[in-house]
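Scroll down for the structure; my scribbles are underneath it.
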Amino acid sequence: MIDSKTKLIGVIGKPIEHSMSPPMHNAAFLKNSLNYVYLAFGVEDLGGAIKSMLALNIRGYNVTIPYKTEVIAYLDQIEPVAKKIGAVNTIVNENNILKGYNTDYIGAIEALEEKIKIKDKKAIVLGAGGASRAICFGLLNKGAEVLILNRSVEKGMLLAGELNQHWKSKASSMSINEATVQLIKGYDILVNTIPVGMYPKTDQTPFKKDFLAKNLLVMDIIYNPIQTQFLKDAKNTGCRIISGLEMFVNQGAASFELFTGKKPPKDIMKKTVKDLLR
Ligand SMILES: NC(=O)c1ccc[n+]([C@@H]2O[C@H](COP(=O)([O-])OP(=O)(O)OC[C@H]3O[C@@H](n4cnc5c(N)ncnc54)[C@H](OP(=O)(O)O)[C@@H]3O)[C@@H](O)[C@H]2O)c1
């Protein structure tokens, strides 16, 4: 029951109407009998939204598009990994000290590690935006080599250059084309972070089926639909596949633990999102 002791958590972003985080977290609070409620806030004034955490004693926020980088300037402390990635998706209000974390990279790496040992593997990441950044960081941190394939070559090069400041010569970048894709047979992991194939344009794919090789472990971080055209093509090629739902639930579970200090009920979180997406 919501009462005068209920703690408030929210997700801030723009647009926010389609976020699956409120049902996922509220189901988890209910399952664990925790007196919390989770709401979605469509935010225009980011500074105002952050200040309101102090004014209203809001326990935590998840942060989504387009604020994951901009929000850093408003926080008191940034966890070292989130600082290196340059993006925060979780804020916890600890006695009026606002601490920023990144659970996106944890979510993706946990999902991959359920299927493969990342150390010394060769990974290709499609896209060079915010999610790619977090995932490349996580892969390199676990000892993989990373090749970024991106539409804007300069943006990919820039990201690879930044990553190489921490992991010398372990990151590189190219454009997506027939020639670069000849390389794919020598790789172990392929992760898509390009938002092509998302609902409602579910017949689209960011990567031609002919480019795939069956030895790959393929993950798409898009979770609506649960099985994208890219994943269907990978499955038909003989690849092992991981849905974006796994990353989404894992990042939510890691945030839940930061907000509540309790072990997240991952099964119910996953079932809630899966049921909504069906
Ligand atoms: N499962 C999860 O938990 C989870 C978590 C975070 C994000 N996501 C999803 O990940 C996706 C990416 O998010 P983001 O924050 O990284 O976005 P972002 O920062 O906007 O980056 C998007 C990237 O995709 C590329 N791209 C966009 N449209 C393209 C197109 N039509 N053709 C080729 N490349 C294209 C962009 O290339 P250019 O550099 O050339 O523009 C850019 O590199 C979204 O679908 C988001 O919902 C999922």
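Take the conditions under 23 Å from Ala254 (Cα atoms), part of a helix (DSSP H, G or I) and either within 9 Å of the ligand (Cβ to nearest atom) or not charged (D, E, K, R) (or both) and apply them to Leu112. Does it pass? So Leu112 passes the test.
Checked across region 194-213, the condition of being away from the ligand (no atom under 14 Å from the Cβ), touching an Asp or Glu at 6+ places or on another chain (Cβ under 9 Å) and under 19 Å from Ala111 (Cα atoms) holds for no residue.
Scanning region 53-85 for residues being in contact with a helix residue (DSSP H, G or I) (Cβ under 6 Å, 6 or more places away or on another chain), assigned to a strand (DSSP E or B) and within 16 Å of the ligand (Cβ to nearest atom) gives a total of 2. Looking at Val125, Val88, Val92, just one residue is within 16 Å of the ligand (Cβ to nearest atom), assigned to a strand (DSSP E or B), touching a strand residue (DSSP E or B) at 6+ places or on another chain (Cβ under 8 Å) and not charged (D, E, K, R), and that residue is Val125. All conditions but one from (1) modelled with pLDDT of 95 or more; (2) within 14 Å of the ligand (Cβ to nearest atom); (3) of a type in the set (D, E, K, R) apply to Arg133; the one that does not is (1).
One line per residue, one yes/no per condition, for (1) more than 20 Å from Glu17 (Cα to Cα); (2) among the charged types (D, E, K, R); (3) touching a strand residue (DSSP E or B) at 6+ places or on another chain (Cβ under 8 Å); (4) assigned by TED's automatic domain parsing to the domain that holds Val273:
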{"residue": "Phe29", "(1), (2), (3), (4)": "yes, no, yes, yes"}
{"residue": "Ser52", "(1), (2), (3), (4)": "yes, no, no, yes"}
{"residue": "Tyr61", "(1), (2), (3), (4)": "no, no, yes, yes"}
{"residue": "Glu79", "(1), (2), (3), (4)": "yes, yes, yes, yes"}
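Using the structure shown, decide if Glu257 is without any contact (Cβ under 8 Å) to a residue 24 or more places away in the chain and on the phi < 0 side of the Ramachandran plot. Yes, satisfied.
What about Leu159, is it within 14 Å of the ligand (Cβ to nearest atom), outside any loop (DSSP other than H, G, I, E, B), touching a residue at least 24 places away in the same chain (Cβ under 8 Å) and outside the structural domain of Ile65 (by TED's automatic domain parsing)? When the stated conditions are applied, Leu159 passes them.
The values are calculated or read from the model by the stated rules, or taken from the named source; none is laboratory data. Keep in mind the model is a prediction, meaning the values are calculated, not measured. Counting neighbours? That spans all protein chains shown, and the Cβs are built from the backbone with ideal geometry, glycine included.
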